[in-house]
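To keep things clear, I will list the structure first and then write my remarks on it.
The values are calculated or read from the model by the stated rules, or taken from the named source; none is laboratory data. Only a predicted model underlies this, so the values are computations on that prediction, with no experimental measurement involved. All Cβ positions, glycine included, derive from the backbone under ideal geometry; neighbour counts span all protein chains shown.
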Amino acid sequence: MTATRTGRPRSESTRLAILEAAASLTTELGYDGVTIDAIAARAGAGKQTIYRWWSSKSMVVADAVIAGHLRLPAPELPDTGDLGVDLKAWTTAAAAAASDSQLVQVVRALVTAASGPEQDASRLYEHITRPTYELLVNRLRRGQDAGQLSAAVSAESVADALIGTLLFRALARLPLSEALTGLVDALLPQDRGTGAGTTPRT
């Protein structure tokens, strides 16, 4: 995710060294403790080289995430046949991951990067958000097929609500676990046995 720049063509080895330096420093110090100067020093690159290819520290770190040099936890979304149990397991794991202050710093950096040019926001969504979103939507649709989520409810809207609440409360440093569990209870019918009281999707 790099802004369009003019000047000399960039060296791929230098680009990789910068991304690896950004990733390792973020892991060691937390995003807030990383500076462009430190990234340049560890990568053996000039500070101006970094600014020629990226507009900000958040953009460098976002590219490090997209390239796989810096990995974010991806809580498993099980499929036990009980949608409520599976969603609560996923939200519990997600809440535990979001309790890591260094992880939240990286998430803030990604949000900052996504607020830039549309092409950067789209790339971040495709590589980071979309896989989790589609996994969640597909699990919700299987829950609808089993009659555990009303067919009148949009699976996409439920996924939006869950991911949006997770992101908002993590960034605001608000308690997560109970809020997410309560949201699952509010979204799903109390009697969600297979086909009980609901109409499966067609």
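Considering only residues that are surrounded by fewer than 18 Cβ atoms within 10 Å (Cβ to Cβ) and within 16 Å of Ser13 (Cα to Cα), which ones fall in the range 25-56?
Once the filter is applied, which keeps residues that are surrounded by fewer than 18 Cβ atoms within 10 Å (Cβ to Cβ) and within 16 Å of Ser13 (Cα to Cα), the range 25-56 yields Ala41, Arg42, Gly44, Gly46, Lys47, Arg52.
Given (1) of a type outside the set (Asp, Glu); (2) within 19 Å of Ser177 (Cα to Cα); (3) at pLDDT 90 or above; (4) part of a helix (DSSP H, G or I), identify the lone condition not met by Pro78.
Answer for Pro78: the failing condition is (4).
Is one or more of the residues making up the range 128-135 of a type outside the set (Ser, Thr, Tyr) and modelled with pLDDT under 90?
Yes; the residues of the range 128-135 include at least one that is of a type outside the set (Ser, Thr, Tyr) and modelled with pLDDT under 90.
Pull up the range 146-166, narrow it to residues that are under 16 Å from Asp86 (Cα atoms) and assigned to a loop (DSSP other than H, G, I, E, B), then point me to the one that is nearest to the chain's Cα centre (by Cα).
Leu149
Determine whether the range 141-152 contains at least one residue that is of a type outside the set (D, E, K, R), more than 22 Å from Ala62 (Cα to Cα), at pLDDT below 90 and loosely packed, with under 15 Cβ neighbours inside 10 Å.
At the first step, the residues of the range 141-152 found to be of a type outside the set (D, E, K, R) are 143-144, 146-152.
Okay, now just the ones that are also more than 22 Å from Ala62 (Cα to Cα), so 143-144, 146-152.
Imposing the further condition that a residue be at pLDDT below 90 reduces the set to none.
Within the range 141-152 (the criterion being of a type outside the set (D, E, K, R), more than 22 Å from Ala62 (Cα to Cα), at pLDDT below 90 and loosely packed, with under 15 Cβ neighbours inside 10 Å), the answer is no, since none of the residues qualifies.
Of the residues that make up the range 162-177, is at least one modelled with pLDDT of 90 or more and of a type in the set (Phe, Trp, Tyr)?
Within the range 162-177, not a single residue is modelled with pLDDT of 90 or more and of a type in the set (Phe, Trp, Tyr).
Kindly provide the set of residues from the range 57-92 that are aliphatic (A, V, I, L, M) and either surrounded by fewer than 21 Cβ atoms within 10 Å (Cβ to Cβ) or without any contact (Cβ under 8 Å) to a residue 12 or more places away in the chain (or both), ordered by number.
Ile66, Ala67, Leu72, Ala74, Leu77, Val85, Ala89
Test Ser13 against the criterion of being over 23 Å from Ser101 (Cβ atoms) and assigned to a helix (DSSP H, G or I), and give yes or no.
Working: over 23 Å from Ser101 (Cβ atoms): yes; assigned to a helix (DSSP H, G or I): yes.
The answer is yes for Ser13.
If we scan the range 100-118, do we find a residue that is modelled with pLDDT under 85 and either in contact with a strand residue (DSSP E or B) (Cβ under 8 Å, 6 or more places away or on another chain) or not in a loop (DSSP other than H, G, I, E, B) (or both)?
no
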